[in-house]
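Engineer: The structure under discussion is supplied below as C-alpha coordinates; questions concerning it will follow.
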Amino acid sequence: MATHPVEFNVSGDFSVQRKPELCTINISVQLEGPDPAFVSAKVTTKMNELVAELRALAPPNHGAEVDGQLVIDSAFPVTNWSAQSVTTSVWTDRKPQPPPRAELARTAAPGEQQWVEKIVHHARATAEATFHNFEALGDFAARVAAQDLAKVDGLSWDVAPLTRKSLQTSVRQEALRDAIAKARDYAQVIGGPDANVRVTEVNDSGGPIYRQNKAAFGVAAFASGGHQPERINFEPAPVDISANVMVKCVLA
(Lines give C-alpha, C1' and ligand atoms only; values in the text may rest on other atoms or scores of the structure.)
Protein backbone atom coordinates (compact mmCIF):
# COMPACT_ATOMS: atom_id res chain seq x y z
CA MET A 1 0.00 0.00 0.00
CA ALA A 2 1.46 3.33 -1.07
CA THR A 3 2.08 5.91 1.61
CA HIS A 4 1.87 9.63 1.05
CA PRO A 5 4.75 11.79 2.27
CA VAL A 6 4.09 13.89 5.33
CA GLU A 7 3.32 17.45 4.29
CA PHE A 8 3.85 20.52 6.45
CA ASN A 9 1.91 23.77 5.94
CA VAL A 10 3.58 26.48 7.97
CA SER A 11 3.74 30.26 8.12
CA GLY A 12 6.79 32.44 8.56
CA ASP A 13 6.97 35.96 9.95
CA PHE A 14 9.61 38.61 10.35
CA SER A 15 9.62 42.32 11.11
CA VAL A 16 12.12 45.12 11.57
CA GLN A 17 12.00 48.64 12.94
CA ARG A 18 14.06 51.59 11.79
CA LYS A 19 14.37 55.18 12.89
CA PRO A 20 12.61 57.53 10.45
CA GLU A 21 14.79 59.24 7.88
CA LEU A 22 12.12 61.44 6.30
CA CYS A 23 9.04 63.31 7.50
CA THR A 24 6.22 64.71 5.39
CA ILE A 25 4.45 67.67 6.97
CA ASN A 26 0.94 68.64 5.82
CA ILE A 27 -0.11 72.24 6.30
CA SER A 28 -3.22 74.23 5.48
CA VAL A 29 -4.43 77.81 5.39
CA GLN A 30 -8.13 78.54 5.75
CA LEU A 31 -10.52 81.36 6.50
CA GLU A 32 -14.26 81.95 6.40
CA GLY A 33 -16.33 85.11 6.22
CA PRO A 34 -19.13 86.94 4.39
CA ASP A 35 -16.98 88.28 1.53
CA PRO A 36 -15.75 85.57 -0.90
CA ALA A 37 -13.12 87.77 -2.54
CA PHE A 38 -11.65 88.79 0.83
CA VAL A 39 -11.32 85.27 2.28
CA SER A 40 -9.87 83.92 -0.96
CA ALA A 41 -7.32 86.72 -1.21
CA LYS A 42 -6.21 86.33 2.42
CA VAL A 43 -5.74 82.57 2.05
CA THR A 44 -3.86 82.97 -1.22
CA THR A 45 -1.50 85.57 0.26
CA LYS A 46 -0.71 83.48 3.33
CA MET A 47 -0.14 80.29 1.34
CA ASN A 48 2.14 82.15 -1.07
CA GLU A 49 4.25 83.21 1.93
CA LEU A 50 4.56 79.61 3.11
CA VAL A 51 5.34 78.36 -0.40
CA ALA A 52 8.13 80.94 -0.64
CA GLU A 53 9.61 79.46 2.55
CA LEU A 54 9.43 75.93 1.19
CA ARG A 55 10.96 76.98 -2.11
CA ALA A 56 13.94 78.45 -0.23
CA LEU A 57 14.36 75.24 1.80
CA ALA A 58 14.34 72.88 -1.20
CA PRO A 59 16.76 72.39 -4.10
CA PRO A 60 15.68 73.71 -7.52
CA ASN A 61 15.23 70.13 -8.76
CA HIS A 62 13.27 68.99 -5.70
CA GLY A 63 11.64 65.61 -6.15
CA ALA A 64 14.23 64.49 -8.71
CA GLU A 65 15.04 60.78 -8.94
CA VAL A 66 18.09 58.85 -10.12
CA ASP A 67 17.54 55.20 -11.09
CA GLY A 68 14.12 55.38 -9.46
CA GLN A 69 15.49 56.66 -6.15
CA LEU A 70 14.67 60.04 -4.62
CA VAL A 71 17.64 62.41 -4.60
CA ILE A 72 18.41 63.80 -1.14
CA ASP A 73 20.54 66.95 -1.27
CA SER A 74 22.22 67.47 2.12
CA ALA A 75 22.55 71.21 1.39
CA PHE A 76 18.76 71.61 1.58
CA PRO A 77 16.52 70.31 4.40
CA VAL A 78 13.53 69.66 2.09
CA THR A 79 13.62 66.89 -0.52
CA ASN A 80 10.25 67.57 -2.13
CA TRP A 81 7.20 69.81 -1.74
CA SER A 82 3.91 70.60 -3.45
CA ALA A 83 1.04 73.04 -2.98
CA GLN A 84 -2.59 72.93 -4.05
CA SER A 85 -4.60 75.87 -5.36
CA VAL A 86 -7.21 77.58 -3.21
CA THR A 87 -10.56 75.83 -2.99
CA THR A 88 -13.73 77.63 -1.96
CA SER A 89 -17.12 76.61 -0.64
CA VAL A 90 -20.23 78.36 0.60
CA TRP A 91 -23.01 77.43 2.99
CA THR A 92 -25.83 78.98 4.99
CA ASP A 93 -25.30 79.41 8.71
CA ARG A 94 -28.71 79.21 10.41
CA LYS A 95 -29.00 80.07 14.09
CA PRO A 96 -31.99 80.77 16.37
CA GLN A 97 -32.60 84.45 17.02
CA PRO A 98 -32.86 85.35 20.73
CA PRO A 99 -36.23 86.89 21.61
CA PRO A 100 -36.32 90.58 22.59
CA ARG A 101 -36.11 91.49 26.28
CA ALA A 102 -39.81 92.35 26.38
CA GLU A 103 -40.59 88.81 25.26
CA LEU A 104 -38.42 87.35 28.03
CA ALA A 105 -40.36 89.33 30.65
CA ARG A 106 -43.70 87.81 29.65
CA THR A 107 -45.11 84.87 31.53
CA ALA A 108 -46.99 83.60 28.49
CA ALA A 109 -45.40 81.04 26.16
CA PRO A 110 -43.19 82.66 23.51
CA GLY A 111 -44.29 82.77 19.93
CA GLU A 112 -42.83 80.93 16.97
CA GLN A 113 -39.03 80.61 16.98
CA GLN A 114 -37.26 83.15 14.78
CA TRP A 115 -34.10 82.23 12.85
CA VAL A 116 -31.17 84.27 11.56
CA GLU A 117 -29.48 83.12 8.37
CA LYS A 118 -26.21 84.33 6.88
CA ILE A 119 -24.09 83.21 3.95
CA VAL A 120 -20.61 81.96 4.89
CA HIS A 121 -17.78 81.71 2.36
CA HIS A 122 -14.86 79.40 3.13
CA ALA A 123 -11.46 79.28 1.42
CA ARG A 124 -8.72 76.70 1.99
CA ALA A 125 -5.31 75.90 0.53
CA THR A 126 -2.98 73.01 1.38
CA ALA A 127 0.67 72.11 0.92
CA GLU A 128 3.03 69.35 1.94
CA ALA A 129 6.78 69.04 2.20
CA THR A 130 9.16 66.17 2.93
CA PHE A 131 12.07 66.98 5.25
CA HIS A 132 15.20 64.92 5.87
CA ASN A 133 16.58 67.46 8.35
CA PHE A 134 14.39 67.20 11.45
CA GLU A 135 15.81 70.29 13.15
CA ALA A 136 14.77 72.37 10.13
CA LEU A 137 11.40 70.60 10.27
CA GLY A 138 10.97 71.67 13.90
CA ASP A 139 11.79 75.27 12.98
CA PHE A 140 9.33 75.29 10.09
CA ALA A 141 6.52 73.61 12.05
CA ALA A 142 6.86 76.16 14.86
CA ARG A 143 6.72 79.06 12.40
CA VAL A 144 3.61 77.68 10.70
CA ALA A 145 1.82 77.06 13.99
CA ALA A 146 2.57 80.62 15.12
CA GLN A 147 0.91 82.26 12.11
CA ASP A 148 -2.68 83.37 11.77
CA LEU A 149 -4.83 81.28 9.40
CA ALA A 150 -2.16 78.56 9.05
CA LYS A 151 -1.87 75.24 10.86
CA VAL A 152 -0.03 71.93 10.74
CA ASP A 153 -2.49 69.15 9.90
CA GLY A 154 -0.22 66.16 10.46
CA LEU A 155 3.16 64.47 10.15
CA SER A 156 4.11 61.20 8.41
CA TRP A 157 7.47 59.67 9.33
CA ASP A 158 9.21 57.40 6.86
CA VAL A 159 12.49 55.79 5.85
CA ALA A 160 14.26 56.72 2.62
CA PRO A 161 13.19 54.75 -0.49
CA LEU A 162 16.56 52.99 -0.78
CA THR A 163 16.38 51.93 2.88
CA ARG A 164 12.83 50.67 2.41
CA LYS A 165 13.79 48.58 -0.61
CA SER A 166 16.66 46.95 1.28
CA LEU A 167 14.50 46.23 4.33
CA GLN A 168 11.71 44.74 2.23
CA THR A 169 14.16 42.25 0.72
CA SER A 170 15.50 41.37 4.15
CA VAL A 171 12.12 40.76 5.81
CA ARG A 172 10.94 38.57 2.90
CA GLN A 173 14.00 36.36 3.17
CA GLU A 174 13.87 36.14 6.95
CA ALA A 175 10.15 35.30 6.91
CA LEU A 176 10.87 32.38 4.56
CA ARG A 177 13.72 31.18 6.77
CA ASP A 178 11.38 31.34 9.77
CA ALA A 179 8.81 29.15 7.98
CA ILE A 180 11.41 26.57 6.93
CA ALA A 181 12.79 26.44 10.48
CA LYS A 182 9.28 25.73 11.81
CA ALA A 183 8.78 22.92 9.29
CA ARG A 184 12.16 21.44 10.21
CA ASP A 185 11.21 21.48 13.90
CA TYR A 186 8.08 19.46 13.12
CA ALA A 187 9.97 17.09 10.81
CA GLN A 188 12.52 16.24 13.49
CA VAL A 189 9.75 15.13 15.83
CA ILE A 190 8.52 12.70 13.17
CA GLY A 191 11.74 11.65 11.46
CA GLY A 192 14.36 12.08 14.14
CA PRO A 193 16.95 14.77 14.95
CA ASP A 194 18.58 14.57 11.50
CA ALA A 195 15.35 14.91 9.52
CA ASN A 196 15.11 17.73 7.02
CA VAL A 197 12.44 19.18 4.75
CA ARG A 198 12.07 20.10 1.09
CA VAL A 199 10.04 23.18 0.15
CA THR A 200 7.38 22.48 -2.48
CA GLU A 201 5.40 25.73 -2.51
CA VAL A 202 5.73 29.31 -1.28
CA ASN A 203 2.73 31.66 -1.04
CA ASP A 204 3.37 35.33 -0.47
CA SER A 205 0.53 36.93 1.48
CA GLY A 206 0.90 40.16 -0.47
CA GLY A 207 4.42 41.41 0.14
CA PRO A 208 5.98 43.24 3.05
CA ILE A 209 3.61 45.28 5.17
CA TYR A 210 4.94 48.78 5.44
CA ARG A 211 3.60 50.97 8.23
CA GLN A 212 4.40 54.65 8.18
CA ASN A 213 4.35 56.40 11.50
CA LYS A 214 1.65 59.05 11.23
CA ALA A 215 0.98 61.55 13.98
CA ALA A 216 -1.44 64.36 14.60
CA PHE A 217 -0.06 67.76 15.45
CA GLY A 218 -1.48 69.97 18.15
CA VAL A 219 -0.73 72.26 21.03
CA ALA A 220 0.60 69.28 23.00
CA ALA A 221 3.70 69.48 20.84
CA PHE A 222 4.56 72.82 22.39
CA ALA A 223 6.57 73.25 25.53
CA SER A 224 4.72 73.74 28.79
CA GLY A 225 4.21 77.22 30.10
CA GLY A 226 1.84 78.51 27.45
CA HIS A 227 4.44 79.90 25.05
CA GLN A 228 5.38 78.55 21.68
CA PRO A 229 9.01 77.47 21.17
CA GLU A 230 11.17 78.63 18.29
CA ARG A 231 11.78 74.96 17.44
CA ILE A 232 9.73 71.84 18.11
CA ASN A 233 11.91 68.86 18.98
CA PHE A 234 10.26 65.75 17.57
CA GLU A 235 10.88 62.21 18.84
CA PRO A 236 9.07 59.96 16.34
CA ALA A 237 8.34 56.29 16.85
CA PRO A 238 10.16 53.85 14.55
CA VAL A 239 8.84 52.74 11.17
CA ASP A 240 7.73 49.07 10.98
CA ILE A 241 8.27 46.75 8.01
CA SER A 242 7.07 43.15 8.30
CA ALA A 243 6.45 40.15 6.05
CA ASN A 244 4.41 36.95 6.26
CA VAL A 245 4.72 33.90 4.03
CA MET A 246 2.98 30.51 3.79
CA VAL A 247 5.15 27.51 2.90
CA LYS A 248 4.44 23.87 2.03
CA CYS A 249 7.18 21.33 2.77
CA VAL A 250 7.62 17.57 2.74
CA LEU A 251 10.13 15.35 4.50
CA ALA A 252 13.34 15.35 2.48
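Yes or no, residue by residue, for (1) charged (D, E, K, R); (2) surrounded by 14 or more Cβ atoms within 10 Å (Cβ to Cβ); (3) not assigned by TED's automatic domain parsing to the domain that holds T79:
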site	(1), (2), (3)
L167	no, yes, yes
V171	no, yes, yes
L176	no, yes, yes
A181	no, no, yes
D185	yes, no, yes
G192	no, no, yes
V197	no, yes, yes
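Engineer: Being under 27 Å from L162 (Cβ atoms) and modelled with pLDDT of 90 or more, is that true of even one residue in the stretch 83-96?
Structural biologist: Yes, some residue in the stretch 83-96 is under 27 Å from L162 (Cβ atoms) and modelled with pLDDT of 90 or more.
Engineer: Can I ask one more? Condition first: assigned by TED's automatic domain parsing to the domain that holds V202, within 30 Å of A252 (Cβ to Cβ) and over 21 Å from the mean Cα position of the chain (by Cα). Can you find one or more residues in the stretch 14-26 that meet it?
Structural biologist: Yes: one or more hits.
Engineer: Inspect the stretch 16-28 for any residue being within 30 Å of K182 (Cβ to Cβ) and touching a helix residue (DSSP H, G or I) at 6+ places or on another chain (Cβ under 9 Å) and give the result as yes or no.
Structural biologist: Yes; the residues of the stretch 16-28 include at least one that is within 30 Å of K182 (Cβ to Cβ) and touching a helix residue (DSSP H, G or I) at 6+ places or on another chain (Cβ under 9 Å).
Engineer: Still on this structure, please answer the following. Taking the stretch 114-157 only, how many residues are within 18 Å of the chain's Cα centre (by Cα) and in a strand (DSSP E or B)?
Structural biologist: 13
The values are calculated or read from the model by the stated rules, or taken from the named source; none is laboratory data. Every value quoted in this text rests on a predicted model; they were computed, and no experiment measured them. Cβ: placed from backbone, ideal geometry, glycine included. Neighbour counts: every protein chain shown.
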